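Have a look at the structure below, then the notes.
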Amino acid sequence: MNARSNFEFLLDKNLNVGKLAMLLALTNTKEEEEQLKEQLAKFKNIKFVVTGLGGMIDEIPEKIIQVLIGAALNTNVIKKDTRQIHALIHAAQEAVHGMMLDPTINASYAMKISIVSDEKWVAVGLYGKAAFHPLTNHERSGLGVMHL
């Protein structure tokens with residue numbers, strides 16, 4: 001099986017924004033990410049963006065909202081509409097809840113963030129590493145889905 005066909009299965013399935021957001025966040029390389037994006041671009045109702053974020057635990061909640069809203073609006077994944085921004089924030093909060101470790105422990109995070117939407121739903125997928133110390137990285141993930 002060649003690399004291009006790794007995501008062909010998406011074309012034959014009923015698309016789900018939550019699964020797509022996690023798949024995008026879990027891509028290992030830029031090439032793999034681009035191959036998945038090529039497959040998703042074939043669907044006119046699916047919009048998506050991938051970005052990244054890093055920082056200490058106390059910085060992440062504020063930073064992630066700014067990064068998500070900026071990325072989603074700049075790429076037209078959502079409209080500049082109060083309800084859609086509200087839905088994105090709630091999906092982000094849900095995803096961050098799954099990603100974050102104990103907030104009382106000062107950990108650093110590095111994560112890949114994806115946002116996927118269709119006409120009815122928006123999903124935020126997070127995948128990355130958290131560390132209390134540079135030698136103690138832990139893989140973490142989070143997913144949030146909200147109705148637009």
> Restricting the search to the stretch 40-57, which residues are free of Cβ contacts under 8 Å to residues at least 40 places away in the same chain and touching a helix residue (DSSP H, G or I) at 6+ places or on another chain (Cβ under 6 Å)?
Replying inline: none
>> What's the number of the only condition in (1) surrounded by fewer than 20 Cβ atoms within 10 Å (Cβ to Cβ); (2) out of contact with any Gly (no Cβ under 7 Å at 6 or more places or on another chain) that residue 128 fails to meet?
In response: (1)
>> I want to confirm something. Restricting to the stretch 24-39 and keeping residues that are in contact with a strand residue (DSSP E or B) (Cβ under 9 Å, 6 or more places away or on another chain) and without any contact (Cβ under 8 Å) to a residue 24 or more places away in the chain, which single residue is nearest to residue 126 (Cα to Cα)?
In response: 33
>> Within the stretch 102-125, take every residue that is touching a strand residue (DSSP E or B) at 6+ places or on another chain (Cβ under 9 Å) and surrounded by fewer than 16 Cβ atoms within 10 Å (Cβ to Cβ) and give me the one that is modelled with the highest pLDDT.
In response: 120
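Residues are listed down the side, and each one gets a yes or a no for (1) closer than 17 Å to residue 97 by Cβ; (2) of a type in the set (Val, Ile, Thr); (3) at pLDDT below 95:
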| site | (1), (2), (3) |
| --- | --- |
| 36 | no, no, yes |
| 41 | no, no, yes |
| 49 | no, yes, no |
| 60 | yes, yes, yes |
| 70 | no, no, no |
> If we keep just the residues of the stretch 131-148 that are in contact (Cβ under 8 Å) with a residue 40 or more places away in the chain and under 23 Å from residue 36 (Cβ atoms), which is surrounded by the fewest Cβ atoms within 10 Å (Cβ to Cβ)?
Replying inline: 141
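Can you work out which of the residues in the stretch 72-95 that are of a type in the set (Val, Ile, Thr) and surrounded by fewer than 20 Cβ atoms within 10 Å (Cβ to Cβ) is nearest to residue 43 (Cα to Cα)?
75
For the stretch 38-64, give me the residue count where each residue is over 19 Å from residue 107 (Cα atoms) and of a type in the set (A, V, I, L, M, F, W, C). Reasoning before the result, please.
Within the stretch 38-64, the subset over 19 Å from residue 107 (Cα atoms) is 38-51.
Going one step further and asking which of them are of a type in the set (A, V, I, L, M, F, W, C), we end up with 40-41, 43, 46, 48-50.
Residues meeting the conditions: 7.
The values are calculated or read from the model by the stated rules, or taken from the named source; none is laboratory data. Not measured: the values here are computed from a predicted model. Cβ sites come from the backbone with ideal geometry, for glycine too, and all protein chains shown count toward neighbours.
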